[in-house]
1. Among the helices (runs of 4 or more DSSP H) lying completely within segment 267-375, list those that include at least 3 residues that are over 25 Å from Gly124 (Cα atoms).
2. List, please: which pairs have Cβ atoms under 9 Å, are six or more places apart or on different chains, and start with a residue in segment 123-141 that is modelled with pLDDT of 85 or more and assigned to a helix (DSSP H, G or I) and end with one that is within 16 Å of the ligand (Cβ to nearest atom) and hydroxyl-bearing (Ser, Thr, Tyr)?
3. Can you pull out the residues in segment 319-333 that are in contact with a helix residue (DSSP H, G or I) (Cβ under 7 Å, 6 or more places away or on another chain) and either over 26 Å from Thr100 (Cα atoms) or within 16 Å of the ligand (Cβ to nearest atom) (or both)?
4. I'm checking my understanding of the structure. Among residues of segment 85-97 that are assigned to a loop (DSSP other than H, G, I, E, B) and over 21 Å from Glu204 (Cβ atoms), which one is nearest to the chain's Cα centre (by Cα)?
5. So for segment 334-355 (the condition being more than 17 Å from the chain's Cα centre (by Cα), away from the ligand (no atom under 16 Å from the Cβ) and among the hydroxyl-bearing types (Ser, Thr, Tyr)), does at least one residue qualify?
6. Does Gln294 satisfy the condition of being within 24 Å of Arg81 (Cα to Cα), touching a residue at least 24 places away in the same chain (Cβ under 8 Å) and in contact with a strand residue (DSSP E or B) (Cβ under 9 Å, 6 or more places away or on another chain)?
7. How many residues are more than 16 Å from the ligand (Cβ to nearest atom) and buried (at least 22 other Cβ atoms within 10 Å of the Cβ) when one looks only at segment 254-281?
Amino acid sequence: MGNDAGSRCFARKMLRSCSDSRFQNLSIKGIILFAALASFSILCGCVALADKTAGSASGTSESDDKTKVIASIFAPYDLARQVGGDYAEVSMLVPPGSETHSFEPTPRDIVDLQECDVFIYVGGESDAWLDDLLSSIDTTDKRIVRLMDIVDTLEEVHIEGMQEDDEIVSDESDDEHGQDFEERRAEQDEHDSDAHGHVGEQDEHVWTSVPNAKSIVRAIADVLMETDSVHAASYDQNATDYLQQLDELDDQFREVVAQANRTTVVFGDRFPFLYLAEEYGLRYYAAFSGCSTQTEASANTIAALIERVKEEQIPVVFKIELSNHKIADTIAEQTGTQVLVLHACHNISKDDFVAGATYLSLMEQNVANLRIALN
Ligand SMILES: [Zn+2]
């Protein structure tokens, strides 16, 4: 564990230095050399393992023939798994149960990445380090799928009451209640460029809207069909079947919102659901934006969320997966409401992973929890 963490740290530090050091080539060579050495020792370990577990007389693994796909996080991992079916060996870079925003790759991860046929990643703020890594390895023999290139992205929104990463939110009056979302967003954009002088980041949680997930599935299917044309018909069929299930999921979200008593949701947590909210017409209030690194909310932020829950008699305070749920618990205690999970599918717990949770099963649970929260 200690060694593992140490190598992760080392690998990540090397990567970081790639982007901002003038000894860029040296750093990249260092990491590749380090990965190569790690590869050698890991390969030795793997041969020993394969000898023990090989079922066939030849001792070669069936997975050698499969198209090797690596996805950075859970959502694209599962979508690729659905399309890949029997002919792709899909793995996830971030281990189940770990926080995706602070992930540190091991040298082994880098070796795996060098050896895969298809690599799928988000392309957002929190995995920007992968851009550096990809530019430092030979990718001519692999296909790279970047989710943020597939769909129309939206700028991260910091709505009134939401705590900024670099400031404690001021105690502004919330007379903007009921204001149209577009108006609030426009004002916030103005606020961002005026007050902070930074260009808003594009929100990276693109897979939380089902139509976006469908676009991603089509893109993955195209890439697999080109990479492994022998099994193109199978990938195509898997994608067609799965897209039909996603259509049904999409209908469920639309139906829940159309039949709801309210369209406002409150998150005592980060809010990685911008695409979901925009797609299905949800208004939202949250402690932090999508990929905020903050976990401690100010008293003002919590008070504003409590007031919102009371004012609109909202029955559910949401938290997201793998969260410490402290803020959601506090709001629920103060308002006599219940805490439910809206799962953003960044990653899943080890238990859920073993139990076979999928994007579809998690999103169906989201539909059920939304139904409670909106009525
Ligand atoms: Zn995120």
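The values are calculated or read from the model by the stated rules, or taken from the named source; none is laboratory data. Please read all numbers here as calculations on a predicted model, not as lab measurements. So basically every Cβ, Gly included, is an ideal-geometry build from the backbone, and we count neighbours across all protein chains shown.
1. By residue number, 299-311, 326-335, 350-355, 359-373.
2. Going by the 9 Å Cβ cut-off, the qualifying pairs are Asp127/Ser72; Asp127/Thr100; Asp127/Tyr121; Leu130/Ser72; Leu130/Tyr121; Asp131/Tyr121; Leu134/Tyr121.
3. Result: Lys319, single match.
4. Gly85
5. yes
6. no
7. So the count comes out to 3.
So that you can scan it fast, the table gives a plain yes or no per residue for (1) within 16 Å of the ligand (Cβ to nearest atom); (2) assigned by TED's automatic domain parsing to the domain that holds Ile144; (3) of a type outside the set (Val, Ile, Thr); (4) in contact with a strand residue (DSSP E or B) (Cβ under 8 Å, 6 or more places away or on another chain):
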| position | (1), (2), (3), (4) |
| --- | --- |
| Gly85 | no, yes, yes, no |
| Met92 | yes, yes, yes, yes |
| Glu99 | yes, yes, yes, no |
| Val122 | yes, yes, no, yes |
